[in-house]
Structure formats: C-alpha cells, structure tokens
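This is the structure I want to talk about, given as structure tokens.
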Amino acid sequence: MKKDSKIIMPGADADDIVKEAQGLIARQLDASSRRNFLRQGLTLGGMAMLTGCDISDNTSVDKALVSISGFNDRVQAWLFGANRLAPEYAESMITRPFPFNAFYSEEDAPEVDPLSYRLQVAGKVLDKSTWSLAQLYQMAQVSQITRHICVEGWSAIGKWGGIPFSQFLKLVGADLSAKYVSFKCADDYYTSIDMATALHPQTLLALTYDGQILPRKYGFPMKLRMPTKLGYKNPKHIKLIEITNAYPGGYWEDQGYNWFGGS
C-alpha cells in the first residue's frame with residue numbers, strides 16, 4: 001500500500017520534533033517558573049480561579065504557551081496527510097437539525113444580498129476577477145457527508161455540496177507554492193489555512209447544505225468546508241479569498257487558539 005504523502009516542515013524530521021518537545025519548557029521558563037509550571041501541570045485556568053490572580057502578565061508563562069501552541073501547529077502539519085481522507089457517512093447519520101455555531105447568536109447572522117454578492121480574489125493569483133453566485137453555481141460540484149468537530153467538545157454530521165477548492169484555486173491561477181490562503185467574511189470573521197489543506201481533495205467551497213442553497217445560519221452564500229480541520233477553521237459568509245506568503249492569523253487564532261487547527 002502506498003503511504004500517504006506528508007507535509008514536512010523544511011529542515012525538520014521526527015527526531016527534530018522530539019528534541020524540540022524535550023527542550024521547549026527549558027528554553028522558555030526560568031528555574032522558578034519551570035518548577036511552578038511542572039507542579040501545576042499547565043492548569044493555568046485553575047491557578048487563576050484559586051488564587052484570584054491574573055497570570056497573563058507573566059511573560060515567561062506567555063512565552064511558554066506561545067511556543068507550545070506553535071509546536072502543536074508544527075506537529076499537526078507534519079502529521080497531516082495531503083491525500084488522507086476524513087471519514088464520510090451515510091445520509092441516515094446526518095445530525096438533524098445541524099447545530100448553529102458562531103461567536104454571535106443565530107439572529108445576528110449576516111444577511112447577504114445574493115444579487116449584488118461578489119466573491120473577491122486577491123494576492124498571488126493571475127485572475128483577480130470577482131465571482132457572482134450565478135457563476136459559482138454553474139461550476140461542477142461534488143458533495144460530502146462529513147463530521148464537523150467543534151473545539152468546544154461536540155460534533156455533528158452534515159451534508160455539504162460545493163466546488164473542490166483545489167479546482168477553484170487552479171482556475172484563478174493561484175500560486176500553489178504560496179504558504180497561506182486567508183479568508184475575510186461578511187460577519188467580520190477571518191481565518192487562514194495552509195496551502196496543503198487548501199488543496200486537500202475534501203476541502204470545498206460549500207454552496208449547499210443537504211441539497212439546498214446554503215442557509216444563512218450555515219454561512220450563505222458560501223463557507224469553506226474542511227473535515228480535516230476543527231470547526232473554527234471553517235469560515236462562513238466568505239467575501240474575500242487571498243493567497244499570500246505573509247502570515248494572516250485569524251479571529252480565534254489571534255486570541256490564542258492553535259493556528260493549524262487539525263481535527
């Protein structure tokens with residue numbers, strides 16, 4: 001059996017990752033902080049609750065957590081299989097109703113005018129033309145029944161239909177050697193992914209849900225559906241896609257969530 005291809009960080013291998021893990025805490029914490037860090041077992045939220053203190057000003061702790069988050073991202077990228085598929089399910093297993101999830105209430109979901117909507121493409125692409133919904137609907141589409149996994153601890157199975165994102169990127173002449181693909185949305189959400197995930201065969205520009213035009217609550221007019229990523233990495237109400245080599249961050253990622261966000 002052919003092994004899945006891996007996304008290897010430049011100059012890194014399994015031994016590098018192990019060595020980095022072994023030295024991570026020692027590099028980031030002084031002796032006093034290190035003893036406390038090990039004693040508490042990274043239960044920083046518990047420390048704050050018990051002591052009533054704000055530990056966010058501890059520079060050593062902040063540096064350690066940032067390094068750990070970055071290390072987690074690198075490990076997930078190393079383990080990611082560019083051709084390894086997430087499980088797909090039977091229609092009988094679809095979660096009904098599929099839950100709404102956002103950083104706002106359902107009634108506050110943006111209302112996008114389908115007639116005036118234009119998807120913008122920017123950055124390292126040859127064709128920066130805008131796309132109407134009519135144009136997008138005319139493109140060949142596929143569907144998948146996959147599991148959405150939320151960082152909050154719940155999951156749900158849904159049926160998504162849309163354009164394979166790799167097909168769209170090739171159509172607009174995206175630089176496929178670029179590092180990042182970023183998204184800006186009508187609800188002011190923003191996030192970004194690595195190019196390998198963008199090109200994954202299950203990554204979709206989703207235009208439908210369960211055979212119907214994508215409902216407003218699930219991201220009309222378009223969301224990026226990635227069963228290989230946690231839910232917060234799947235942006236909804238997309239209005240701009242940019243290909244770039246400059247790290248774009250993300251709404252939750254800039255608040256401390258892991259950037260790679262693999263499920």
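Starting from one equal scatterer on each C-alpha and no solvent at all, send me the Debye-based log10 I(q)/I(0) for region 91-255 at q = 0.11 Å⁻¹, two decimals.
For region 91-255, the Cα-only Debye profile gives -0.40.
Right, here's the next one. Sort 171-177, 206-212 by packing, meaning the average of other beta carbons within 10 Å per residue, with the highest value first. Intermediate values should be presented prior to the final figure.
Numbers: 171-177: 15.3, 206-212: 18.1.
Ranked by mean Cβ neighbours within 10 Å, highest first: 206-212, 171-177.
Hey, what's the per residue convex hull volume over the C-alpha atoms of region 214-263, in cubic angstrom?
91 Å³
Further question on the same structure: Test of understanding: ordering 160, 131 by Cβ neighbours within 10 Å, fewest first, what list do you get?
Values: 160 26, 131 20.
Ranked by crowding around the Cβ, least crowded first: 131, 160.
With 10 angstrom as the radius, rank 132, 192 by how many other C-beta atoms surround their C-beta, starting from the fewest.
132, 192
Let me ask you something else. In whole Hz, what ³J(HN,Hα) sequence does region 251-256 give by Karplus (6.51, -1.76, 1.60; θ = phi - 60°), x for Gly and Pro?
4, 7, 4, 6, 9, x
Counting only residues 5 or more places away or on other chains, whose amide H sits under 5 Å from the amide H of residue 214 once H atoms are built in the peptide plane?
208, 209
Do any of 128/223; 128/239; 128/170; 128/229; 124/239 go past 21 Å between their Cα atoms, and which?
Listed pairs above 21 Å: 128/229.
Every number here is computed from the coordinates shown, using simple stated rules; none is lab data. As the structure is a computational prediction, the values presented were derived from the model and not from experiment. Don't worry about glycine lacking a Cβ; one is built from the backbone with ideal geometry, like all the others, and counts go over all protein chains shown.
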